[in-house]
């Protein structure tokens, strides 16, 4: 199957400048394409997975994808989808973020393709360009009339309270120049991006058309965007109650990352399997039947969560997450789960921290965790056999000892079947 046809089947083709030409361009292995990522944060998030996976799919199809880091464009700020000006970041901050994102991207590509991606930074070919050169060699081929028609500009130009600065107005010129540069230096004729990037991407196509014609060697660039994803309930994809779901485990733990996917709505999960995994049509069709016939088992959600978690965090972290899930909600051994994963898994549960060596008796701990209203009630629950430490039922005279702390850091107390508490010590 031509990779373009696979992308269409997966619902990944949103807009395209010329479908037949793009399909033909992708019909022979070795075609070059790129997608840009501005370092606006310290980590990519799950929304970035769509274009990132798009590049990986191209790689697996035998093409030459390029990851473009926006060291230059990140200093300007993309007005697309923004109702006010971005705060300008310092060069040092951008370099630090860029290094972190490049590291993320490389690990991701190595896991899913077995190879490192080609990464470029538009700061490298922009930093020595003078203002005169930018205006004469690039700006000359743009008309203000044409630029004003772009959604990223129209949404701001009509608002007197916000407006748009000349800096952000010029963003599409810089992005267009990136496309021209990669065409000339690497033969790249296709740019990929999210649906909100259509105006910026087609500005590159327009620059290529006009500038190469003026140079006497007319050439053509192609644009293709991926859809912006919303949930079946109409909400923006990629958000949880605590904010964005990041790919960096320090910002979103692997357990929380897994839970985000496993909690996907039945109405969304098949779409997510197509967008975010490499599973084929037959496997996805089988999982779709499972959603229809056995929705309570959440087979599709579990497969989705496992596939994406392993893709981003690796098999070892997935195993830890699965062990914690089984220990807390199945028949697994809590003591076999590392303390960091336990803390993440019980992030929303009551928690109490004590100075090391100064842990009170168990009834007091149950009160401190708000699992019992009083020490007397706690003793009754313990006597009735309804209290567990690290999954093991405790006796009436049970005290908490140092050996109970997993990794010397944390222990899990459960009252009844579903009431959990986390005890930590300094």
Worksheet item: Checking residue 81 against (1) surrounded by 14 or more Cβ atoms within 10 Å (Cβ to Cβ); (2) within 21 Å of the chain's Cα centre (by Cα); (3) modelled with pLDDT under 90, which single condition isn't satisfied?
Response: (1)
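Looking at the structure I just gave you, is residue 310 part of a helix (DSSP H, G or I), at negative phi and surrounded by fewer than 18 Cβ atoms within 10 Å (Cβ to Cβ)? Explain how you work it out, then say what you get.
Values: part of a helix (DSSP H, G or I): yes; at negative phi: yes; surrounded by fewer than 18 Cβ atoms within 10 Å (Cβ to Cβ): no.
Criteria not met by residue 310.
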Item to complete: Among the candidates 49, 7, 12, 55, single out the residue that is modelled with pLDDT of 95 or more, within 22 Å of residue 111 (Cβ to Cβ), in a loop (DSSP other than H, G, I, E, B) and not assigned by TED's automatic domain parsing to the domain that holds residue 308.
Response: 12
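Identify the residue in region 28-42 that is surrounded by fewer than 18 Cβ atoms within 10 Å (Cβ to Cβ) and in contact with a helix residue (DSSP H, G or I) (Cβ under 8 Å, 6 or more places away or on another chain) and, among all such residues, is nearest to residue 203 (Cα to Cα). Break it down stepwise before answering.
Filtering region 28-42 down to residues surrounded by fewer than 18 Cβ atoms within 10 Å (Cβ to Cβ) leaves 28-30, 40-42.
Then drop every residue that is not in contact with a helix residue (DSSP H, G or I) (Cβ under 8 Å, 6 or more places away or on another chain), which leaves 40-42.
Values: 40: 22, 41: 25, 42: 28 Å.
So, considering only residues that are surrounded by fewer than 18 Cβ atoms within 10 Å (Cβ to Cβ) and in contact with a helix residue (DSSP H, G or I) (Cβ under 8 Å, 6 or more places away or on another chain), the one nearest to residue 203 (Cα to Cα) is 40.
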Response to the item:
Just one listed residue, out of 288, 292, 283, is touching a helix residue (DSSP H, G or I) at 6+ places or on another chain (Cβ under 7 Å), assigned to a helix (DSSP H, G or I), surrounded by fewer than 19 Cβ atoms within 10 Å (Cβ to Cβ) and free of Cβ contacts under 8 Å to residues at least 40 places away in the same chain, and it is 288
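Can you tell which of 81, 77, 36, 71 is in a strand (DSSP E or B) and within 30 Å of residue 170 (Cα to Cα)? If you could, list the steps in order and put the result at the bottom.
Numbers: 81 fails: in a strand (DSSP E or B); 77 fails: in a strand (DSSP E or B); 71 fails: in a strand (DSSP E or B).
Answer to the check: 36.
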Worksheet entry | Pair list, Cβ < 9 Å and 6+ apart or interchain, from region 216-239 residues that are outside the structural domain of residue 7 (by TED's automatic domain parsing) and on the phi > 0 side of the Ramachandran plot to residues that are surrounded by 20 or more Cβ atoms within 10 Å (Cβ to Cβ) and in a loop (DSSP other than H, G, I, E, B) | 238/229; 238/245
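Quick grid of which residues meet (1) modelled with pLDDT of 95 or more; (2) surrounded by fewer than 19 Cβ atoms within 10 Å (Cβ to Cβ); (3) in a helix (DSSP H, G or I):
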site	(1), (2), (3)
124	yes, yes, yes
152	no, no, yes
156	no, no, yes
167	no, yes, yes
178	yes, no, yes
Worksheet, complete the sentence: When restricted to 99, 93, the only residue out of contact with any strand residue (DSSP E or B) (no Cβ under 8 Å at 6 or more places or on another chain), assigned to a helix (DSSP H, G or I), surrounded by fewer than 16 Cβ atoms within 10 Å (Cβ to Cβ) and at pLDDT below 95 is 93
Discussion item. Looking at region 127-143 only, could you name the residues that are outside any helix (DSSP H, G or I) and either loosely packed, with under 11 Cβ neighbours inside 10 Å or more than 34 Å from the chain's Cα centre (by Cα) (or both)?
Written reply: 128, 130, 143
Worksheet entry | The one condition in (1) assigned to a helix (DSSP H, G or I); (2) in contact with a helix residue (DSSP H, G or I) (Cβ under 9 Å, 6 or more places away or on another chain) that residue 191 fails to fulfil | (1)
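For region 316-402, give me every one of the helices (runs of 4 or more DSSP H) that falls completely inside it and has 3 or more residues that are within 27 Å of the chain's Cα centre (by Cα) and closer than 26 Å to residue 252 by Cα. If you could, list the steps in order and put the result at the bottom.
Numbers: elements: 339-345, 362-368, 375-383.
By residue number, 339-345.
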Discussion item. Among the residues of region 263-275, are any outside any helix (DSSP H, G or I) and on the phi > 0 side of the Ramachandran plot?
Written reply: no
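So which of 383, 410, 403, 378 is out of contact with any strand residue (DSSP E or B) (no Cβ under 9 Å at 6 or more places or on another chain) and either buried (at least 19 other Cβ atoms within 10 Å of the Cβ) or within 23 Å of residue 340 (Cα to Cα) (or both)? Walk me through how you get there before you give the answer.
On the way: 383 fails: either buried (at least 19 other Cβ atoms within 10 Å of the Cβ) or within 23 Å of residue 340 (Cα to Cα) (or both); 410 fails: out of contact with any strand residue (DSSP E or B) (no Cβ under 9 Å at 6 or more places or on another chain); 378 fails: out of contact with any strand residue (DSSP E or B) (no Cβ under 9 Å at 6 or more places or on another chain).
Going through 383, 410, 403, 378 in turn, the sole match is 403.
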Worksheet item: Do we have any residue at all in region 61-77 that's farther than 22 Å from residue 202 by Cα and touching a strand residue (DSSP E or B) at 6+ places or on another chain (Cβ under 9 Å)?
Response: no
Item to complete: May I ask you to list the residues in region 200-233 that are surrounded by fewer than 17 Cβ atoms within 10 Å (Cβ to Cβ) and closer than 17 Å to residue 81 by Cα?
Response: 227, 228, 230
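Can you tell me which residues in region 235-250 are in contact with a strand residue (DSSP E or B) (Cβ under 8 Å, 6 or more places away or on another chain) and either exposed (fewer than 14 other Cβ atoms within 10 Å of the Cβ) or assigned to a loop (DSSP other than H, G, I, E, B) (or both)?
Step one: list which residues in region 235-250 are in contact with a strand residue (DSSP E or B) (Cβ under 8 Å, 6 or more places away or on another chain), which gives 236-238, 244-247.
Once the filter is applied, which keeps residues that are in contact with a strand residue (DSSP E or B) (Cβ under 8 Å, 6 or more places away or on another chain) and either exposed (fewer than 14 other Cβ atoms within 10 Å of the Cβ) or assigned to a loop (DSSP other than H, G, I, E, B) (or both), region 235-250 yields 236, 237, 238, 245, 247.
The values are calculated or read from the model by the stated rules, or taken from the named source; none is laboratory data. Owing to the predicted nature of the structure, the values given are computational and were not obtained by experimental measurement. Every residue, glycine as well, gets a Cβ built from its backbone with ideal geometry; the counts of neighbours run over all protein chains shown.
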